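I have placed the structure first, in the form of structure tokens, so that the comments after it can refer back to it.
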Amino acid sequence: MGLLGSGVRVVSHPGRSVADMDENEPLPVRRRRFVRVEAIAEIFATAPPVDGARLRDDLDAVADQDITPNA
């Protein structure tokens, strides 16, 4: 993403411009999708329970929570 002198941001993907955004204009927002609570409950009804201790251990194994900068 580059910033032009006029305050317009150009968003590109592999070298191709895909959007121009003026800093004075609001960003386009995607429409939210609403799903009924009953549908979510049905989907997760057969999901196995989450073991909180195991989840934290798994996350700690891959996430570095040291506040020292990497640079």
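Brief remarks follow.
- Summed over segment 49-71, the residues that are modelled with pLDDT of 90 or more and part of a loop (DSSP other than H, G, I, E, B) give a count of 3.
- Positions within segment 40-68 being surrounded by 10 or more Cβ atoms within 10 Å (Cβ to Cβ) and of a type outside the set (Asp, Glu), in sequence order: Ile40, Ile43, Leu55, Arg56, Leu59
- Of all positions in segment 24-46, at least one carries a residue that is in contact with a Gly (Cβ under 9 Å, 6 or more places away or on another chain) and at pLDDT below 70.
The values are calculated or read from the model by the stated rules, or taken from the named source; none is laboratory data. Everything numeric in this text was worked out from a predicted model, so none of it was measured. We place every Cβ from the backbone using ideal geometry, glycine too, and count neighbours over all the protein chains shown.
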